[in-house]
Amino acid sequence: MNKNIAVIRGDGIGPEIVEQALKVLNRIAELYGHSFTYTDVDMGGCAIDKWGDPLPAEMLKKCVESDSVLLGAVGGDKWNDVPGPMRPEKGLLRLRAGMGVYSNNRPAKIWPQLADASPLKKSIVDQGIDFIIVRELIGGIYFGEHKTEVVDGKATAIDILTYSEEEIERIGRIGFETARKRSKKLCSVEKSNVLDSSRLWKKVMHHLAAEYPDVELSDMLVDNCAMQIVKNPAQFDVVVTENMFGDILSDEASMITGSIGMIPSSSLGATTCGLYEPIHGSAPDIAGKDLANPIGTILSAAMMLRYSFDMAKEADAIENAVSAYLDAGYRTADIMSEGMTCVGCAACGDLILQNLKKE
Ligand code: IPM
Ligand code: MG
C-alpha cells in the first residue's frame, strides 16, 4: 500500500522522538512491501518562529490532504509570553479541530516488564491496569471563548464551556462502540453535581444506553474518578469523558502505568485520516540531550497502521518489537530501574528496530 503521512516534528523533544518512529515505519515498509512518503509540516513554536503562526493554513491543508498525521510534541518556555491565540498549543487545537478528530483514544495499559516502574503498590498493580480513556477532543472549554478583561476595576478571566447534544452523542457512541469490542463496561465521567454541561452529558449517555443494551453503563464524578484511578484502576475498562477531564485523567492514568513516555494516542473523526501523537509534552528541559523515551511516538505510529491503514499485522510487529526491547532489559531514563541497561532516545529506536520482525 502507498500512504502519504504528514509529519510534524514540532518542538522540544519532538524531532528526536519522531525520528525514531520514522525509522520504525521505514522498516515496516521494507518488511511488508509498503511505500510510505512523508510530508513535513511545521506546527507549534517552530512555526511561530518561521511563519509567525503556530499553524499556517497551508500546513493544515497538508494534514487534511494526507492519509494520516504523525505528531511529536509542541510548546516550550520560549513561547510562554506569546498571546493566547498565537501560542504553540493553539496550533495543536486548530489542527485537531481542522481535521475534525473529535475522538481521542488514550490507552492506559501496564507493560508487565514495567510493573516496578508504577508508583502504585504492587498489590494494586497486580490486579491489572488495562483501560482506555475516550476523550472528546474538539469541544468544551478548550474551544469556548477565552478572554481577560477589567470588570469593576479588577482583571477578570473568562473561559466558556459549551457542549451540544450532538457533540456529546457522537463521542458517546465511540465510547459504547469501544466498550462493545472490549469487556462491555463503559464508565461515563462528568461533574453533574455542579455543571450544566455535565448534566446534559449524563442525560445523553443514558439516552444512548438504550441503543447498546449489551453494554453496562455507569456514571462517575470526575473528582471521584481521579481518586479511583489510583485506588482501584482494575475496575475500569472504557472511560468516556469530555475534553478537559480527559486531558487531566489521561495524564494520571498514564503515570500509574510507569511513565507518560510510553503512552500513544489516536484521534479520529468521520474519515480514516487520523492524528497520532504521544500524550506527553515537548519536555524542553531534556530536549536535544538524547534522553527522551520515543516509545509513545513509536506506539502512536503502530496505532496509525492499525486504525487508519488497516495494517493490523504490521502494528502487532511494532508492539512485539517494543515488548522484546523491554524484555531484553533496556530502559530510557524515565523508566530506568535497578539491573536494567539505560539507553538514550536514538539507541532505543535502534534496539526496537533490531527486534522488528515480520509476523
Ligand atoms: C494533551 C496536551 C494538550 C491538551 C495541550 C498541549 C494543548 O496536554 O494532548 O494532552 O491539553 O490537549
Ligand atoms: Mg495533556
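Loop only per DSSP, at most 11 neighbouring Cβ atoms within 10 Å: give me the trypsin sites (Lys or Arg not before Pro) in the stretch 39-140, ordered by residue number.
Loop-located and lightly packed - Lys121.
So how long is each side of the stretch 86-170 along the principal axes, counting just the alpha-carbon atoms, biggest first, in Å?
Over the stretch 86-170, Cα extents along the principal axes are 54, 33, 27 Å.
Can you give the % of DSSP beta bridges in the chain that are antiparallel, to the nearest 5?
Antiparallel bridges make up about 40 percent of those DSSP assigns within the chain.
Take the eigenvalues of the Cα gyration tensor for the stretch 119-256, scale each by 5, and report the square roots as semi-axes in whole Å, largest first.
29, 20, 11
For the stretch 7-81, which whole percent of the accessible surface, found with a 1.4 angstrom probe, sits on carbon and sulfur atoms?
Here it works out to 48 percent.
How would you rank 255-263, 201-209, highest first, on the average number of other Cβ atoms within 10 Å across their residues?
Packing proxy ranking, top to bottom: 255-263, 201-209.
Amide H to amide H under 5 Å from Val238: which residues, 5+ apart in sequence or cross-chain, H placed 1.01 Å off N in plane?
Ile132, Lys185, Cys187
Taking the convex hull of the Cα atoms, report for the chain its projected area averaged over all directions, in nm².
Projected over every direction and averaged, the Cα hull of the chain covers 18.7 nm².
In whole angstrom, and with the biggest value first, how far do the Cα coordinates of the stretch 204-359 range along each principal axis?
Principal extents (Cα only, largest first): 50, 35, 28 Å.
Could you please report the charge total around Glu167, scoring K, R as +1 and D, E as -1 over all other residues with beta-carbon less than 12 angstrom from its beta-carbon?
After counting each charged neighbour, the total is -3.
Given the -39500 (n - 2.57) contribution per DSSP H run of 4+ residues, what per-residue ellipticity at 222 nm results for the chain, rounded to the nearest 500 deg cm²/dmol?
Computed ellipticity for the chain at 222 nm equals -12000 deg cm²/dmol.
Using a 1.4 Å probe on the protein heavy atoms, what percent of the accessible area of the stretch 235-359 belongs to carbon and sulfur?
53
Which value, in debye to the nearest 20, describes the size of the charge dipole of the chain about its Cα centre when Lys and Arg Cβ atoms bear +1, Asp and Glu Cβ atoms bear -1, and nothing else is charged?
520
Among Met304, Met99, Met227, which one moves the most in a GNM of the chain with springs linking Cα atoms closer than 10 Å?
Among Met304, Met99, Met227, the largest mean-square fluctuation in the Gaussian network model of the chain belongs to Met227.
How high is the relative contact order of the stretch 119-256, in percent, with contacts defined as C-alpha pairs under 8 Å that are six or more residues apart?
Reported relative contact order: 37 percent.
Contact order normalised by length for the chain, with contacts defined as Cα pairs under 8 Å and 6 or more residues apart; what percent is it?
22
Normalized C-alpha radius of gyration of the stretch 15-173, against 2.2 N^0.38 Å?
Here the answer is 1.32, to two decimals.
What is the extension gain from Asp81 to Asp290, computed as 0.36 nm multiplied by their sequence separation minus the C-alpha to C-alpha distance, in nm to one decimal?
72.5 nm
Could you tell me the center-to-center distance, by alpha carbons, between the stretch 179-215 and the stretch 302-359 in angstrom?
Rounded to whole Å, the Cα centres lie 35 Å apart.
Express in % the proportion of alpha carbon pairs of the stretch 237-315 at distances exceeding 19 Å.
Percent of Cα pairs beyond 19 Å in the stretch 237-315: 44.
Mean Kyte-Doolittle hydropathy of -0.5 or higher plus an axial Cα length of 15 Å or more: which whole DSSP H helices in the chain meet both?
14-32, 88-99, 243-256, 312-327
Could you state the number of Å between the C-alpha centres of the stretch 4-31 and the stretch 116-160?
After rounding, the separation between the Cα centres reads 28 Å.
Multiplying the sequence separation of Glu319 and Asp116 by 0.36 nm and subtracting their Cα-Cα distance, what value in nm do you get?
So the extension gain works out to 71.1 nm.
What residue among Asp214, Asp223, Asp81 has the largest mean-square fluctuation in a Gaussian network model of the chain, using Cα springs under 10 Å?
Highest fluctuation among the options: Asp81.
Which residue, Ile318, Ile158, Ile298, tops the fluctuation ranking in a GNM of the chain built on C-alpha contacts under 10 Å?
Most flexible of the set in this elastic network: Ile158.
Give me the 1.4 Å probe accessible area per residue for the stretch 79-202, excluding ligands and nucleic acids, in Å².
With the other protein chains kept in place, the stretch 79-202 gives 51 Å² per residue.
The values are calculated or read from the model by the stated rules, or taken from the named source; none is laboratory data. For clarity, every value in this text was computed on a predicted model and none was experimentally measured. Counting neighbours? That spans all protein chains shown, and the Cβs are built from the backbone with ideal geometry, glycine included. Keep in mind that these areas ignore ligands, DNA and RNA; they rest on the heavy atoms of the full protein, side chains included. Shrake-Rupley method; radii C 1.70, N 1.55, O 1.52, S 1.80 Å.
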